[in-house]
Amino acid sequence: MVFFTSASFFIVLAALVAPAAILGLAERPLRGYGFAASCTMLAFLFASDRATACSFLLFVVLSCAGVFLTLGSWKRGTRSMAVYGASLALTCAPLVVYKLSAASGVGLLGFIGISYCTFRSVQVIIEIRDGLIDELTLVDYLYFLTFFAQITSGPIDRSRRFIEDAHRAYQRDEYADLLTRGIVLLLVGAVFQLVIATIVRDWYDPVAAVGIGGIPKLANLGLTGVTYQVAYAYGYGIYLFFDFAGYSLMAMGASYCFGIRCPRNFRAPFAAVDIKDFWNRWHITLSTWLRDFVFMRFTRVVTRRHVFSTRLQTACAAYMVNMLFMGAWHGLTPSYLAYGAYHGILLAATEVYQKKSRFYKRNKKKTWYRALSWAVTMQLVFLGFALFSGQVQQIIEGMM
């Protein structure tokens with residue numbers, strides 16, 4: 001079974017949502033049933049691959065060990081930083097092994113969703129250390145960590161918000177509204193991912209077009225050289241949006257059906273007027289996770305140690321670290337690392353320009369400036385997609 005793609009997924013989902021709807025409309029909490037339904041979905045997800053299932057179970061065990069070792073240390077008042085560090089290492093070890101081995105073509109300890117699960121677990125450990133979480137049951141943590149709707153590709157939810165929703169007994173009208181919105185989001189997401197993204201991919205991608213017995217429509221336009229590469233990059237970027245945004249909408253919809261108000265992941269990213277605005281609209285839950293747990297913490301550490309002489313230098317360095325981390329999280333390949341470095345440079349340059357440029361401060365609210373800024377931003381965004389997809393790497397390799 002492939003989540004949010006195969007017909008079998010939607011059949012099982014419909015069967016599992018029906019009892020959830022009955023419970024929700026009866027104003028009963030959905031936590032227990034939702035956890036059981038999630039376990040059922042995960043059984044289907046990993047049933048066909050025993051090695052992947054074992055990798056997933058190993059991760060869950062290590063993650064639980066890390067979380068509850070840290071929680072125990074903080075509740076006892078010992079607040080051991082050694083325990084905290086070891087817990088983070090335990091949780092991150094499977095992802096690190098997977099990324100390093102995948103870079104060499106092996107992919108040890110990997111399973112679908114390992115990156116998203118790791119971020120959830122790390123968030124819990126860090127917030128225990130920060131004193132934001134002082135109570136957590138095993139069932140609540142497992143439900144949050146392995147919730148089927150968000151496990152494969154996010155959105156990256158936060159534990160305290162998730163658990164509060166899981167325990168909540170909605171009023172009948174409130175749950176009915178949530179259920180209705182969930183079904184609509186599932187339908188809209190399916191149109192995005194299964195219809196529009198498929199059409200766009202068949203337009204630009206030779207592999208996809210040949211797979212359905214044809215050739216990509218892009219090849220029929222007679223484009224060559226740079227023009228063809230630009231059209232290909234735009235095709236890939238548009239496909240990526242509809243594919244990922246469609247999945248995110250369906251994940252939100254499925255979550256709503258089980259009483260979990262999953263956060264939004266996209267907000268009109270192609271309307272962004274600068275790169276900072278783009279990252280406030282694109283993969284929002286990843287952007288905010290990185291902001292809270294990488295950018296802000298790096299900034300705090302280097303400020304305390306007086307590493308940089310100005311706040312602007314600190315911000316620029318933090319953007320670079322933040323986005324390089326993002327690139328490495330996607331994978332330890334030249335394309336992903338270049339994508340992270342590219343956006344780190346763009347964000348740092350944008351920060352300097354907006355803080356130092358009088359021209360920007362005089363004109364930033366003017367219509368002509370916003371239109372020009374939007375046009376430039378979109379070219380930079382789609383060039384980034386060409387890096388992300390490996391298109392630029394292929395071009396460079398073809399020239400060598």
Tell me which residues, restricted to region 1-60, are surrounded by 16 or more Cβ atoms within 10 Å (Cβ to Cβ), of a type in the set (A, V, I, L, M) and not in a helix (DSSP H, G or I). M1, L30
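Every residue, every condition in (1) surrounded by 18 or more Cβ atoms within 10 Å (Cβ to Cβ); (2) assigned to a helix (DSSP H, G or I); (3) at pLDDT below 95; (4) among the hydrophobic types (A, V, I, L, M, F, W, C), yes or no:
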residue: T91; (1), (2), (3), (4): yes, yes, no, no
residue: K99; (1), (2), (3), (4): yes, yes, yes, no
residue: A102; (1), (2), (3), (4): no, yes, yes, yes
residue: G105; (1), (2), (3), (4): no, no, yes, no
residue: C117; (1), (2), (3), (4): yes, yes, no, yes
residue: S121; (1), (2), (3), (4): yes, yes, no, no
residue: V124; (1), (2), (3), (4): yes, yes, no, yes
residue: D134; (1), (2), (3), (4): no, no, yes, no
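Would you check if S73 is farther than 27 Å from Y175 by Cβ and out of contact with any Lys or Arg (no Cβ under 7 Å at 6 or more places or on another chain)? Talk me through it step by step, then tell me what you get.
Numbers: farther than 27 Å from Y175 by Cβ: yes; out of contact with any Lys or Arg (no Cβ under 7 Å at 6 or more places or on another chain): no.
Considered against the rule, which asks whether it is farther than 27 Å from Y175 by Cβ and out of contact with any Lys or Arg (no Cβ under 7 Å at 6 or more places or on another chain), S73 comes out as no.
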Inside region 297-314, the number of residues satisfying the requirement of being among the aliphatic types (A, V, I, L, M), closer than 24 Å to E127 by Cβ and touching a helix residue (DSSP H, G or I) at 6+ places or on another chain (Cβ under 8 Å) is 1
Tell me whether region 284-304 contains one or more residues that are modelled with pLDDT of 95 or more, buried (at least 21 other Cβ atoms within 10 Å of the Cβ) and in contact with a Leu (Cβ under 8 Å, 6 or more places away or on another chain). no
All helices (runs of 4 or more DSSP H) inside region 326-400 with 1 or more residues being in contact with a helix residue (DSSP H, G or I) (Cβ under 9 Å, 6 or more places away or on another chain) and buried (at least 16 other Cβ atoms within 10 Å of the Cβ): 334-356, 367-389, 391-399
Test of understanding: among Y170, Y141, which residue is among the hydroxyl-bearing types (S, T, Y) and buried (at least 22 other Cβ atoms within 10 Å of the Cβ)? Y141
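The values are calculated or read from the model by the stated rules, or taken from the named source; none is laboratory data. Quick caveat: nothing in here was measured; it's all calculated off a predicted structure. Positions of Cβ are backbone-derived with ideal geometry, glycine not excepted, and every protein chain shown enters the neighbour counts.
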